[in-house]
1. Assuming a ≥ b ≥ c are the square roots of the Cα gyration tensor eigenvalues, decide whether the chain counts as rounded (a/c under 1.5), prolate (otherwise, with a/b larger than b/c) or oblate.
2. Helix-only mean residue ellipticity at 222 nm, the chain, DSSP H runs n ≥ 4 weighted -39,500 (n - 2.57), per residue, nearest 500. What is it?
3. Please compare each pair in LYS29/LYS129; LYS56/LYS109; LYS41/LYS122; LYS29/LYS138 to a cut-off of 27 Å on the Cα-Cα distance and tell me which ones are over it.
4. Taking the Cα-to-Cβ direction at THR140 and at ALA206 and moving 7 Å from each Cα, how far apart do the two end points lie in nm?
5. Taking the alpha-carbon centroid of each part, what is the distance from the range 95-129 to the range 149-208 in angstrom?
6. For the chain, with a Gaussian network of springs between Cα atoms less than 10 Å apart, report the residue from LYS116, LYS56, LYS146 with the top mean-square fluctuation.
7. Using a 1.4 angstrom probe on heavy atoms only, work out the carbon and sulfur share of the accessible area of the chain in %.
8. How much net charge surrounds CYS90 when only other residues with a Cβ under 13 Å from its Cβ are counted (Lys, Arg +1; Asp, Glu -1)?
Amino acid sequence: MSTLVCTLLLGVFVLSGCSEAEGQPDVPKDFARCHQFLGEKNVGTVVDEMGEGDPKVAARLGLRELAGRLRSEAEAWTERDLLHDSYSACRISVLGKDDGAQVTEATVKWSVLTVKSMSEPKYTRSWRKVNGQVFVEKETGRPSMKLLVACGVSGAPSGQELGLPLEMEVADPGLNLSLRQNVLTAFARAITGELACADTPEIPTALPG
């Protein structure tokens, strides 16, 4: 708890150090935004796992603002739309002494894939069904993981939920699988929760491999 320190000098009260300096400093804005997307505990664990360097965190948009942009895209969607903006929600980098920069980044966009396409042989080879609304990309050998999530946005055209699912990805320098899943599923729940998806997607913490 901060303390108001006052010093008596030559019979005059002089206010000295009357501030919040003794308390915990405010969390930097970009860190706070990353906490919104990934969870404070997950962010701390990722930073710890990435090495001893000074972490640099970039999160240009807060959760509400990013969800607002996704919502606007969904409301303007047509079936002919194939190009969608990709948003970097949170980027954490640590500059190591010998290994160069270690980077973990969470991104989201509306996918060019559809929920219907997940049943096609071309995509069943690379995606696995978690439930009727959630699909996870199968292991690719790369240090990353993707989720495809059906999310119906209020005010969007009919068919948007199945025709325009969310695609979320976490790419990292080689975190353990359990941590990667925790980060990705927390990210997915934050985004879908802020969008208030119709038929709230059930996103489990543990994903099939």
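The values are calculated or read from the model by the stated rules, or taken from the named source; none is laboratory data. Please read these numbers as outputs of a predicted model, since none were measured by experiment. In this analysis, Cβ positions are derived from the backbone assuming ideal geometry, glycine residues included, and neighbour counts consider all displayed protein chains. SASA here: full protein model, heavy atoms, side chains in, ligands and nucleic acids out. Shrake-Rupley method; radii C 1.70, N 1.55, O 1.52, S 1.80 Å.
1. Since a/c reaches 1.5 and a/b is larger than b/c, the shape of the chain is classed as prolate.
2. It comes out at -8500 deg cm²/dmol, rounded to the nearest 500.
3. From the list (LYS29/LYS129; LYS56/LYS109; LYS41/LYS122; LYS29/LYS138), the Cα-Cα distance tops 27 Å for LYS29/LYS129; LYS41/LYS122; LYS29/LYS138.
4. Label-label distance for THR140 and ALA206, simple model: 2.6 nm.
5. For the range 95-129 versus the range 149-208, the Cα centre distance is 12 Å.
6. LYS116
7. 51 percent
8. 0
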